[in-house]
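Written out below as C-alpha cells is the structure these notes cover.
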Amino acid sequence: MDGQLSPQVEVAIRLGCFLAVLVAMAAWEVFAPKRELIAGKPWRWTSNLTLVFLNAALARLVIPVTAVAAALFANSQGWGLLQLVKWPWWLEIAIAVLVFDLAIYLQHVMFHAVPLLWRLHLVHHADLDFDVTTGLRFHTLEILLSALIKLAVVLVLGPPAVAVVVFEVLLNATSMFNHSNVGMPPWLDRLLRLIVVTPDMHRVHHSVIHRETNSNFGFNLPWWDYLLGTYRAQPKYGHEQMTIGLTSYRNEHQVDRLPGMLLLPFSKAEAPGLLYRGNDRGGKDTSRSQNKAEHNSGGQRTVS
Ligand SMILES: [Zn+2]
Ligand SMILES: [Zn+2]
C-alpha cells in the first residue's frame with residue numbers, strides 16, 4: 001500500500017487536516033478561551049502563520065528528499081530495522097508512529113539541553129501568548145534540522161511510507177491542539193492526558209519558570225514524560241496567572257513580528273542552555289515577582 005499514495009493525494013490530506021484543525025481550534029479559542037491574550041492577535045497571527053508557510057516552502061527547496069520519499073527508497077532497498085521481520089502492516093505503522101514520537105520527544109529535550117540548539121528553539125518559546133498558532137511557529141533552521149533528523153530516523157527504521165504521512169499529519173494536528181488557548185473541564189483534560197498531550201499539559205512547558213519550561217516535552221503522546229520523569233501536572237501559579245514566554249524577551253515588537261523572530265537566535269538577551277539551570281536548586285525564583293508585576297500592570301509587553 002506504500003507506493004499507491006500519489007503526491008497530490010498526500011498534499012491534499014496534509015493541507016486538508018491542517019486547515020480543518022486550525023479552523024476548529026481557532027473557533028474553540030473564540031468560544032471557550034482559557035486565558036486572556038496579552039499581545040496583539042492580528043500581528044502575532046500574521047507573523048506565526050507567515051513563518052509556517054515560509055518554513056514549508058524553504059524546507060522543500062533546501063531538502064530535496066521528503067521523509068516519505070526516503071521511506072519509499074528505504075523500502076525498495078530493504079533498509080531499516082522494520083525490514084528485518086515481516087510484521088503485519090498495521091503493526092509496522094503503530095511501531096513506526098511510536099518510534100517517531102519518541103524521537104521527537106528526545107529531539108525536543110536535546111533542543112533544550114544544547115545551548116546552540118536552544119538558541120533556535122527559543123523562538124518557539126518566546127511567543128508572549130500561547131494559542132493554536134504557537135504550535136506552528138518554529139525557527140526555519142530548527143525546521144530544517146528536524147527534517148534532517150527525521151530523514152535519519154526513516155533510513156534507520158525503514159517504515160512504510162504511509163506511517164510517515166500518518167505521523168506527520170498526527171503531529172501537526174496534535175501540535176495545534178495542545179498549544180490552543182482553550183478551556184475544557186478538568187475531568188476531560190485528565191481523561192485525554194492518558195493518550196494525548198493536552199493544552200493544559202503543554203502550557204506548563206511555555207512557562208517563564210525554568211523548571212516548568214524543562215518539563216512536558218511531549219508533543220503528541222504524553223507517555224514519554226510519564227516514563228522518563230519529565231512530567232509536571234500543573235504550573236505553580238495556575239493556568240490563568242502563570243506568565244507565558246521567556247523572561248528576557250518581553251518586547252512584543254521583537255518576539256511576535258517576523259523579522260525579530262527570525263533574528264532572535266542571534267540576539268543577546270537570553271543566556272543559552274536552559275536545561276538544568278532551573279531555579280529549583282536554591283536559586284532565587286525571579287519569575288514570581290515578574291509574574292506579579294506583569295499582572296498588576298495588566299500584562300506588561302515591553303521590558304528593556
Ligand atoms: Zn520546548
Ligand atoms: Zn510548545
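Spatially close Lys pairs in the chain, defined by Cα atoms under 27 Å apart and a spacing of eight or more places or different chains, total 11. Taking the 0 to 90 degree range and rounding to the nearest ten, how far is the long axis of helix 140-157 tilted relative to the main principal axis of the chain, both from C-alpha atoms? Approximately 40 degrees, to the nearest ten.
What percentage of all Cα-Cα pairs in the chain are separated by more than 29 Å? Counting every Cα pair in the chain, those more than 29 Å apart make up 35 percent.
Grab the DSSP H runs of the chain that are 4 residues or longer, score each as -39,500 (n - 2.57), total them, divide by all residues and round the 222 nm result to the nearest 500 deg cm²/dmol. Intermediate results must be reported in sequence, preceding the final value.
Values: 15 runs with 177 residues, N = 304.
Taken over the chain, the calculation gives -18000 deg cm²/dmol.
For the range 8-38, GluC sites (Glu not before Pro) are listed when DSSP marks them as loop and at most 13 other Cβ atoms sit within 10 Å of their Cβ; the list is 36.
First select every other residue whose beta carbon is under 12 angstrom from the beta carbon of residue 54; then total the charges, Lys and Arg +1, Asp and Glu -1.
Values: positive: 60, 137; negative: none.
So the surrounding residues net to +2.
The angle between the Cα long axis of helix 7-31 and the longest principal axis of the Cα atoms of the chain comes to about 30 degrees, rounded to the nearest 10. Close amide H pairs (under 5 Å, H built 1.01 Å from N) link residue 182 with 34, residues at least 5 positions away or on another chain. With a sphere of radius 13 Å drawn around the Cβ of residue 139, what net charge do the other residues whose Cβ falls strictly inside it have (Lys, Arg +1; Asp, Glu -1)? Result for the neighbourhood of residue 139: 0.
Residue 35 sits among other residues whose Cβ lies under 12 Å from its own Cβ, and their net charge, with Lys and Arg +1 and Asp and Glu -1, is -4. Prolate is the label for the range 1-114, because the ratio a/c of its alpha-carbon gyration tensor axes (a ≥ b ≥ c) is 1.5 or higher and a/b is greater than b/c.
Considering only 143, 219, 158, the residue lying farthest towards the positive end of the dipole of the range 120-223 is 158, judged by Cα position with unit charges set on Cβ.
Coordinate-derived values only; no laboratory data. These figures come from a predicted structure and were not determined experimentally. All Cβ positions, even for glycine, are placed from backbone atoms using ideal geometry, and neighbour counts span all protein chains on display.
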